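Step one of this worksheet: look at the structure below.
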Amino acid sequence: MAHDESVEYYTLLCDDPSHEVVLVDCGPRETDVILALRKLTGLSLWRCRELARQAPVTVLEGQPDYEARSAVSVLRNAGAGAESRAEPEPGESTAPSS
């Protein structure tokens with residue numbers, strides 16, 4: 001590269017932050033929720049049962065908005081309480097400030 005050429009660097013920002021899917025409540029249809037968790041996560045039935053019983057718990061991380069909303073819909077159709085949350089940007093504090 002010659003001395004008179006300049007190099008420009010750009011930082012690309014994603015308009016769609018990644019989301020996490022949180023199982024808030026298992027609901028009355030535990031078996032249906034366990035099967036939905038297995039379909040979404042690919043985990044074993046035993047691990048999905050443990051997740052369902054630990055609610056509230058994050059079951060998926062780093063998902064695009066559309067996929068997170070789709071996963072929430074699958075869990076809600078199975079009878080669970082679920083929500084999608086935007087993951088905090090690196091450096092953001094998740095603890096409440098005093």
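Between ARG38 and GLU61, the simple label model (points 7 Å from Cα in the Cβ direction) yields a spacing of 2.5 nm.
Annotation: amide H of SER18 within the under-5 Å range of GLU87, sequence separation 5 or more or interchain, hydrogens built in the peptide plane.
Projected label points at GLN54 and GLU87, each 7 Å from Cα along the beta carbon direction, are separated by 1.7 nanometres.
Read the figures in this text as sums done on the coordinates, not as results from a lab. All values derive from a computational prediction rather than experimental measurement. Methodologically, a virtual Cβ is constructed for each residue, glycine included, from the backbone with ideal geometry; neighbour enumeration extends over all protein chains shown.
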